[in-house]
Each structure stands twice: as C-alpha cells, then as structure tokens.
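The numbers here are math on the coordinates, done by the rules we state, and not lab data. Here the structure is a predicted model, which is why all the values come from computation and not from measurement. Virtual Cβ from ideal backbone geometry, glycine too; neighbours counted across all protein chains shown.
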Amino acid sequence: MNILNVELLTSSDFIHPSKKIFASYSNRLEGKKIALGITASIASYLSPKIARELMRHGADVIPIMTENSLSMIGKDLMWWATGNEPIINVSGNLEHIQYAGIMNNPIDLMLIAPCTTNTVAKLATGISDTSVTLIASTIAGKHIPIMVLCVAHEDLINSPATKENMAKIRKNGIAIIDPVLEEGKAKMPEIDDIILAVFEKIESNELNNRNVIITGGPTREFIDDVRFISNPSSGKTALELAKESLIQGADVQLVLGPTIVQIPKAIRSINVITSQEMTEKVLSLLDTNPNSIVILASAMSDFTVSKKSGKIKSGNSLILDLMPTQKLSSQIKEKYPKSTLILYKAESGLSKEDLIKSATKKLEIDNADLIIANDISQQNSGFESDNNQVIIINKTGSSREINDSKSFIAKEIISEVIKLI
C-alpha cells in the first residue's frame, strides 16, 4: 500500500503572493515596518501604489484605515496590495501599543497618505478616535517618525485653521510632504517623490546640512543657430547621485545639461546648455559655499567651435575647427582647496588595468579625492542605460569594481564620499 505523505502548512509558513515583489527594486527598506495610514480622501486610490512601491524597496507595509476611508477604497484591495490585513479598528490585540514597541513589535515609520485636513486637526489636538489617529498619537509618544501628506481643495489647505494645525503638527515633530498645487487643489505628488521623502526620513542623514554640487547630462557646443556638438549622456547617473545625497540629508544643487530626466521637486536643479555655462555656474555656487562636496558626473564637451550666426547652408563640405574647452575639473581644487572633489573618467575599449591607470592619472592631476572610471563601450551600461560598470578609485590607490544599477552605484559612491568627510 502506498502512503501519501501530506505536509500541512501553518499560517506562519504562508507567504502572501503580493509579497513576492519585496525588494524587487532595492533593499533600502529591507527589515523596515511601515504603517500606511489611509483617510477618507479621493486620493486614496493611489494608496495601493504607494504601498507596493515601498514594498519593492523591501518594506513590510501595514495598512491602517479609518472607517470613513472604506467609502473611498476597499479593505480587500489594501489587503491584496500589501499582503497584510488592514487595521480598521483597534482590537483586543492593542495594535496601537504593539506598533509603539511596547510589546517588542514596533514600526519604523508611519506615513499618512492621503491625509485629510480633518485628520490633521485631530493630530494637532490629540483626538484619537480613529485607528489612524490613535496609532499615530501612540507612536508619537515613542518618538517614532510620522509623515503626513495632506491633500484637499486649495482653499481648504489655505484656511487659517488648517494652516495653524499644520504648523502645530510640524512643531510637534511630524514631517510634512508637500502636495502639488494645481487646478485649485493640493494633489498627491509623483509616487517617486513620496518614496524619496520616506528614504530621506528613515536614513541616517550622514550628510546633514552639507552642500553638495552635482553636474550631470551633456553640454552642447553650437556650430550655428541650429546644429551643435554633443553626446548621448542621459543625466541618469547625476540624478541618482542627487537623490542619494538628498536622502543622506545634504543640501543638493544639481547643475544639469539638456536632458529629459524627471527631477524630483525636492532637488534644486539649474539648467545650462554649454560647457562654459556649466563651468560658470559651478564656480559661482562654489563662491557661495567653498567647502562644498563637488561631484562632476556630467559629460561636458571636450571641444567647442567658433559659432556661425544663422544656419550654415547644406550641400557643401564643411570643415570644423575644434578648440579644447577649459577643464572645470582642473579649476576646483586650485580655487577652492577646502572642497571635496569627486570626478568621473569615461574611456572606451581600454583594458581594466589601462582604465585604472588613466583614471588614477586624472585623479592626481586634478587633486581629486575620489574618481569613478567606466568604459562606455561595455554592453548594457554607460550613457543611456539604467545600469553601469564602474571602478571606484581613491587617493590611496585602492579600487573597487561594481556592476549594478546606477541607483545602487550612486548609493555606494555616496557611502565612499561620507568616509572622506
């Protein structure tokens, strides 16, 4: 007789299918437990997407919903989105006590998005008559970070009572994520902007209040009023470096050549076109903050031409007289010796040894503190790709090779920068 062995799974063995997306983007929030508060706003239709983006970076998301929010979004939808049953009413399990850490099960952060002005008023006055406000009030007593994204009609946001309540919760330590004001309404910002704000709040802020200047993208050197010399740099590397610097608490200024990358609202960007404009802008920023961390991640043109006015007639041969541009990298330490300088060195078709040699020579000539070398001829890396293969080289000559996403590489580079200061 054949005996069929059946192994029964307990509830603790079961992994909700929705949790298969954990850390599919990054592990930045791995091990973090985030309570997502949802109130009765029409913008709550975006809450599942916020939850899943947090999960894709490794977070375990606990939905906390007010009873009134159920008229906008279903409980089962948030259950599906997160793999965790939403808390509508605090039960005999005393969830507000658990998540404050009194029972050794604390959350790391609470994000209330969307948050109504009614909930803001309750947070300001300590009214704890919903699951969201009760849990928020309790964890505030344990100094667990709380973030609020208040959305409503602009007139309601601008009412004296709401302004007073917003000022009060900010004074009490609750972080405010700014909405987008358009069409007479305070709306949800881009999901990426919300996630970036969470990163910034939950990280250690090793670059707190340090000024970081980052250049990115290509520059253009005009031949005439229509044509120009440029390169396919996308600005993606600079954007990731700016995000990572912001997450670590820095005051970021991104000097960006012509690109189509979307810049988060929290990052101050300055648009330039030519190499001369980029050079002048960076030096101007350094005049104001000579102790800045400077990361030259742009692909500035090495050559310029004498521009012709109008449009050169086509159909005939044309000889361009290329003149070298003045190197920005060589001016930084000479003029601002207290700055911290990080350079990029792009080559094509070199061996690893020759690439390191070329980058090291540039590091020494420009007196840089760190240099990142990469071979743009490598497949699936370089300018327009989301990935890259780089070698990080410091002043001692030690090097480290990374082949990963530009986001991960930026995180590693900023970690190296933190070691320098």
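Antiparallel beta bridges, as assigned by DSSP with both residues in the chain, represent about 35 percent of the total such bridges. Taking 0.36 nm per residue of separation and subtracting the current Cα-Cα distance, fully stretching the chain between residue 163 and residue 192 would add 7.8 nm. Each of 411, 187 was scored by other Cβ atoms within 10 Å of its Cβ. Arranged with the fewest first, they read 187, 411.
Other residues whose C-beta falls under 13 angstrom from the C-beta of residue 322 contribute a net charge of -2, scoring Lys and Arg +1 and Asp and Glu -1. Between the amide H of residue 62 and those of 34, 35, 36, distances stay under 5 Å, these residues lying 5 or more places away or on another chain, with hydrogens modeled in the peptide plane. Helix 236-247: angle to the longest alpha-carbon principal axis of the chain, degrees 0 to 90, nearest 10? So the inclination is approximately 50 degrees. The antiparallel fraction among DSSP beta bridges confined to segment 18-202 stands at about 25%. Residue order for 277, 190, fewest other beta carbons within 10 angstrom first, comes to 190, 277.
By the count of other C-beta atoms within 10 Å, a proxy for reagent exposure, 398, 317, 292, 405 are ordered fewest to most as 317, 398, 405, 292.
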